[in-house]
Amino acid sequence: MLAPTMKHYNAADFRPSKAWQALDIEVIANASVRLHWTDKAYKWHVNDGPEVFVVLDGEVDMKYLDGTEIRSIRLTPGDIFHAEDGDSHVAEPIGEARILVIEQEGSV
């Protein structure tokens, strides 16, 4: 049994009512750790700080702008994508996906 202040999360059990809703796990030194579930693409965006994107379940096509060219990489469970401040990107799941996102608190 976990101590009263500890928590256990099973990502496979997390399925909110809308795509990209998140379970806020913790804020550490102004960085949020959030579990997302989605079955829909996000929007093209530029973070206002670095972002770490970890695929826990499912597959995600991460599209990003490289100069003027759009590139894509298929992320599978265990893959980590890192975007710096100013990197333009969009996540497009293939079916359902669960993703752990670590980014500056309040980021888009």
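Quick notes on this one:
- Neighbour counting of Cβ atoms within 10 Å sorts the residues L65, L35, L2, fewest neighbours leading, into L2, L65, L35.
- Computed 3J(HN,Hα) for the range 60-74, one whole-Hz value per residue from the Karplus formula 6.51 cos²θ - 1.76 cosθ + 1.60 where θ = phi - 60°, is 9, 8, 9, 9, 8, 8, 10, x, 10, 9, 8, 10, 9, 9, 8, glycine and proline marked x.
- Applying 1/(1 + (r/R0)^6) with r as the Cβ-Cβ distance of I25 and E69 and R0 = 41 angstrom yields a FRET efficiency of 0.75.
- Karplus (6.51, -1.76, 1.60) ³J(HN,Hα), θ = phi - 60°, over the range 87-93, in Hz, Gly and Pro reported as x: 7, 8, 7, 8, 9, 10, x
- Springs join every pair of Cα atoms under 10 Å in this Gaussian network model of the chain, and among E96, E59, E84 the largest mean-square fluctuation is at E84.
- Summed over all non-identical Cα pairs, the Kirkwood treatment of the chain gives a radius of 14.4 Å.
- Pairs of lysine residues in the chain - Cα separation under 15 Å, sequence separation of 8 or more or cross-chain: 4
Every number here is computed from the coordinates shown, using simple stated rules; none is lab data. It should be emphasised that the depicted structure is a prediction, and the values quoted were computed from it without experimental measurement. Don't worry about glycine lacking a Cβ; one is built from the backbone with ideal geometry, like all the others, and counts go over all protein chains shown.
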